[in-house]
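Written out below as structure tokens is the structure these notes cover.
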Amino acid sequence: MTTGWHGVFPAATTQFHEDFSVDIDATQRVLDALVNDGVNGLIVMGTCGENNSLDPEEKRTILKATVEVVNGRVPIVTGVSEFDTRRASAYARDAEKIGADGLMLLPAMVYVPKPHELVAHFKTVAEATGLPIMLYNNPPAYRVNIGAEVLEALDGVKNIKAVKESAPDPRRFTDLINAFGDRYDIFAGLDDVALEGLMLGAKGWVSGLTSAFPAESVALVAAADRGDWMEARRIYRWFMPLLHLDAEHDLVQSIKLAEQIMGRGSERVRMPRMPLEGARRAEVAAMVEKAAATRPIGGK
């Protein structure tokens, strides 16, 4: 049942030109740099990739460009974040044809489903593709919890193989593993609960701040993998002020500003998001600059 996915999967950003059209070349540079820095896979067009600010054809163009630049070096998992099940299924079919290695499937946007509706949505999309699927659980953001009863109902759906767990309660990792054993690969999905997730059995980390500090993210997970908890804690404590940004509503703007400061991308975002400004921008910039000046492993 396993995906074989493990380690650091950054939730990569989508880059834009000054007129806010998609900048494919810049997006490919961001993705190529992450792979070269040693990440284990890529999540494209998730929250940090501004999925719901992209037109349908833009999503497919970005995915084609991702497949081209990655060229099989790491698994590519694309977000499936649509307003209804029909459009989610269509994108899942197209993603498989384009060459994605997997899907990160969200509940349908806007509508808050009852559990049986959530199960039906996931099953219908899964039936549209043979790709392995990671479900994305983020109750604070999407107002619905992929609870044990939902995962139990999906047990027979063989290509639903993983869960990105972004609930802020680390007890979820143990509860899911106790309930389902190794049926689902569990990934830590909230940056400031990442080490707790890895300690409790998560296979990897779907990370936002990795886009700005990939070397430290890779080193953190590597330390956890070899059981060097002293080193893992050292990196995590250095990282934590930035990791808290992933739990804020303006996480995309903060992460893209961090990328820009670190010379890895642009802070441009599509409306309704707008770049950070004033005291908030100064606060986040100071945090990034302090982190850059005190990097724990001499990262480049």
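The values are calculated or read from the model by the stated rules, or taken from the named source; none is laboratory data. Quick caveat: nothing in here was measured; it's all calculated off a predicted structure. Methodologically, a virtual Cβ is constructed for each residue, glycine included, from the backbone with ideal geometry; neighbour enumeration extends over all protein chains shown. The protein model used for the area step is the full one, side chains on, heavy atoms only, and it has no ligands, DNA or RNA in it. Shrake-Rupley method; radii C 1.70, N 1.55, O 1.52, S 1.80 Å.
For the reader, a short list of remarks on this structure follows.
- Output for the stretch 161-173, where each listed residue is out of contact with any helix residue (DSSP H, G or I) (no Cβ under 8 Å at 6 or more places or on another chain) and surrounded by 16 or more Cβ atoms within 10 Å (Cβ to Cβ): LYS161, ALA162, LYS164, ARG172
- Check on GLU50, within 18 Å of ARG270 (Cα to Cα), at pLDDT 95 or above and open to solvent by 10 Å² or more (accessible area, probe 1.4 Å): no
- The number of residues in the stretch 241-279 being out of contact with any helix residue (DSSP H, G or I) (no Cβ under 8 Å at 6 or more places or on another chain), among the aliphatic types (A, V, I, L, M) and under 23 Å from ALA293 (Cβ atoms) comes to 1.
- Residue within the stretch 106-128 that is within 19 Å of VAL44 (Cβ to Cβ), in contact (Cβ under 8 Å) with a residue 60 or more places away in the chain, surrounded by 22 or more Cβ atoms within 10 Å (Cβ to Cβ) and not hydroxyl-bearing (Ser, Thr, Tyr) present: no
- Scanning the stretch 70-83 for residues that are open to solvent by 30 Å² or more (accessible area, probe 1.4 Å) and in contact with a helix residue (DSSP H, G or I) (Cβ under 6 Å, 6 or more places away or on another chain) yields a total of 1.
- Extreme residue, farthest from ALA12 (Cα to Cα), among residues of the stretch 188-200 that are charged (D, E, K, R) and open to solvent by 10 Å² or more (accessible area, probe 1.4 Å): GLU196
- Residue in the stretch 261-268 that is surrounded by 22 or more Cβ atoms within 10 Å (Cβ to Cβ) and either more than 25 Å from PRO139 (Cβ to Cβ) or free of Cβ contacts under 8 Å to residues at least 60 places away in the same chain (or both) present: yes
- Hits in the stretch 84-105 (condition: open to solvent by 60 Å² or more (accessible area, probe 1.4 Å) and within 17 Å of the chain's Cα centre (by Cα)): ASP101
- Selection status of ASN40, in contact (Cβ under 8 Å) with a residue 24 or more places away in the chain, open to solvent by 20 Å² or more (accessible area, probe 1.4 Å), among the polar types (S, T, N, Q) and assigned to a loop (DSSP other than H, G, I, E, B): yes
- Qualifying residue in the stretch 56-79 (condition: outside any strand (DSSP E or B), closer than 19 Å to ILE255 by Cα and in contact (Cβ under 8 Å) with a residue 24 or more places away in the chain): no
- Residue in the stretch 201-217 that is of a type in the set (D, E, K, R) and open to solvent by 10 Å² or more (accessible area, probe 1.4 Å) present: yes
- Single residue of the stretch 167-201 satisfying the filter (closer than 17 Å to LEU42 by Cα and without any contact (Cβ under 8 Å) to a residue 60 or more places away in the chain) that is nearest to the chain's Cα centre (by Cα): GLY189
- Some residue of the stretch 174-187 being open to solvent by 40 Å² or more (accessible area, probe 1.4 Å), out of contact with any Gly (no Cβ under 7 Å at 6 or more places or on another chain), of a type in the set (Lys, Arg) and part of a loop (DSSP other than H, G, I, E, B): no
- Residues (touching a residue at least 40 places away in the same chain (Cβ under 8 Å), closer than 18 Å to GLY99 by Cβ and assigned to a helix (DSSP H, G or I)) located in the stretch 1-33: ILE24, GLN28
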